[in-house]
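The values are calculated or read from the model by the stated rules, or taken from the named source; none is laboratory data. Note that this is a predicted model, so its numbers are computed, not measured. Every residue, glycine among them, receives a Cβ derived from its backbone with ideal geometry; neighbour counts consider all protein chains shown. Heavy atoms of the whole protein, side chains included, go into the accessibility calculation; ligands, DNA and RNA do not. Shrake-Rupley method; radii C 1.70, N 1.55, O 1.52, S 1.80 Å.
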Amino acid sequence: MIKNFMEVLKKTKEQELKKVAVAVAQDKPVLEAIRDAKEQGIADAILVGEKSEIENIAKEIGMNLSNFEVIDEKDKVKAALKAVELVSTGKADMLMKGLIDTANFLRAVLNKEVGLRTGKLMSHVGVFQLDKFDRLLFVTDAAFNMYPELKDKVDIVKNAVTVAKAVGVETPRVAPICAVEVVNPSMQATVDASILSKMNDRGQIKGCFIDGPLALDNALSEEAAAHKGVTGPVAGKADILLMPNIESGNIMYKTLTYTTECKSGALLVGTSAPVVLTSRNDSHETKMYSIALAALVASELKKK
């Protein structure tokens with residue numbers, strides 16, 4: 001099982017080289033990530049955006065643009081649509097957000113003519129490497145679905161399982177996170193967790209173990225789970241943390257990002273191709289890890 005991002009990069013390099021279309025590529029951290037991804041054999045890229053600005057940034061960071069296809073498009077909305085079209089027509093394997101606001105970027109992703117709609121729910125998956133754990137942690141959904149109902153959580157789990165399997169987790173362990181580890185009819189998240197667990201038992205959600213409700217300590221710590229008498233295939237061993245709503249997911253994501261020495265990557269899935277959707281504040285290293293994750297997911301989707 002892959003335990004860190006060095007192993008993620010190694011796995012990515014061992015597969016067929018994938019190509020990412022970058023929407024509005026005139027962004028320094030994005031181009032730094034693309035430069036490093038190309039140099040390390042992680043991914044190739046097509047850069048869509050204002051060519052003169054891309055050239056200025058490339059010169060500043062020592063990036064050889066002769067190694068890349070650059071499509072000159074000054075209008076950001078049109079550039080995003082063009083990048084999406086490159087993916088939907090098979091000229092690129094995945095999409096990456098550059099210097100464009102998320103709303104306009106997602107409008108391009110959802111465009112009825114050239115977009116990446118599948119009819120499935122889209123969801124955000126953050127992947128974290130933390131010194132304390134011997135495995136990667138997958139956190140979902142911290143950025144896209146605000147208050148998912150049970151049927152939404154089914155799709156969010158399936159999307160996260162796709163990412164975890166692409167990374168090399170053979171049978172991911174999913175913990176629906178709640179405030180407590182018992183079913184309380186007054187707490188809808190605990191009810192949803194118990195139903196998801198039963199659906200998993202009956203084969204309605206396949207390819208993973210789901211057990212909940214679990215409080216965060218019982219999901220991550222075997223010692224804490226044992227102390228509270230919580231048993232099961234997921235207790236203390238969770239790979240995927242299914243957060244009950246966007247507030248808890250976002251707080252969890254940013255707590256890990258800003259209070260730990262973690263490495264991370266993030267992407268949007270449920271689309272016909274993976275979408276690298278990172279924060280403007282994310283480092284170029286985080287963006288590069290996200291590209292590597294997207295390349296693995298693209299390979300997984302191709303298998304299916």
Net charge of neighbours whose Cβ lies under 11 Å from the Cβ of Gln204, counting Lys and Arg as +1 and Asp and Glu as -1 = +3
Among Leu47, Leu130, Leu196, determine the one that fluctuates most according to a GNM of the chain built with springs between C-alpha atoms less than 10 Å apart.
-> Leu130
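Compute the Cα gyration tensor for the chain, then decide on rounded, prolate or oblate, letting a ≥ b ≥ c be the square roots of its eigenvalues: rounded whenever a/c is under 1.5, prolate when a/b is larger than b/c in the other cases, and oblate in all that remain.
On the way: a/c = 2.13, a/b = 1.80, b/c = 1.18.
Note, shape of the chain comes out prolate.
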Among Asn67, Asn250, Asn218: highest mean-square fluctuation, GNM of the chain, C-alpha pairs under 10 Å = Asn67
Setting aside same-chain residues fewer than 8 positions from Lys153, which lysines have a Cα under 16 Å from its Cα?
-> Lys120, Lys198, Lys206
Considering only protein heavy atoms, with the full assembly of protein chains and a 1.4 angstrom probe, order Leu81, Leu106 by accessible area, largest first.
-> Leu81, Leu106
To the nearest 20 debye, what charge dipole does the chain have about its Cα centre, counting +1 at the Cβ of each Lys and Arg and -1 at the Cβ of each Asp and Glu?
-> 720
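Which shape class, rounded, prolate or oblate, goes with segment 143-295 when its Cα gyration tensor gives a ≥ b ≥ c as root eigenvalues, a/c under 1.5 marks rounded, and past that a/b bigger than b/c marks prolate?
Values: a/c = 1.65, a/b = 1.44, b/c = 1.15.
Prolate.
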Quick one: check the C-alpha center-to-center distance for segment 60-98 versus segment 231-299, whole angstrom.
-> 23
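With +1 on each Lys and Arg Cβ and -1 on each Asp and Glu Cβ, how big is the dipole of segment 151-196 about its Cα centre, in debye rounded to the nearest 20? Before the final figure, lay out each step's value.
Numbers: 5 positive and 5 negative charges, 24 e Å.
Using Cβ point charges on Lys, Arg, Asp and Glu, segment 151-196 gives about 120 debye.
Is segment 1-140 rounded, prolate or oblate when judged by the Cα gyration tensor, a ≥ b ≥ c being the square roots of its eigenvalues, rounded requiring a/c under 1.5 and prolate requiring a/b larger than b/c?
Values: a/c = 1.85, a/b = 1.23, b/c = 1.50.
Since a/c reaches 1.5 but b/c is at least a/b, the shape of segment 1-140 is classed as oblate.
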How much net charge surrounds Met243 when only other residues with a Cβ under 13 Å from its Cβ are counted (Lys, Arg +1; Asp, Glu -1)?
-> -2
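Counting Lys and Arg as +1 and Asp and Glu as -1, what is the net charge of the other residues whose Cβ lies under 12 Å from the Cβ of Leu47? Before the final figure, lay out each step's value.
On the way: positive: Lys19, Arg35, Lys38, Lys51, Lys82; negative: Asp27, Asp44, Glu50, Glu53, Glu55, Glu69, Asp72, Glu73.
Net charge in that neighbourhood comes out at -3.
Which pairs in the list Lys59/Lys97; Lys10/Lys302; Lys132/Lys304; Lys74/Lys254 are over 26 Å apart, alpha-carbon to alpha-carbon?
Numbers: Lys59/Lys97 21 Å; Lys10/Lys302 19 Å; Lys132/Lys304 34 Å; Lys74/Lys254 33 Å.
From Lys59/Lys97; Lys10/Lys302; Lys132/Lys304; Lys74/Lys254, over 26 Å: Lys132/Lys304; Lys74/Lys254.
With a cap of 14 neighbouring Cβ atoms within 10 Å, and only residues DSSP puts in a loop, list the trypsin sites (Lys or Arg not before Pro) found in segment 28-95.
Working: sites: Arg35, Lys38, Lys51, Lys59, Lys74, Lys76, Lys78, Lys82, Lys91; in loops: Lys74, Lys91.
For trypsin sites (Lys or Arg not before Pro) across segment 28-95 that sit outside H, G, I, E and B with at most 14 neighbouring Cβ atoms in 10 Å, the list reads Lys74, Lys91.
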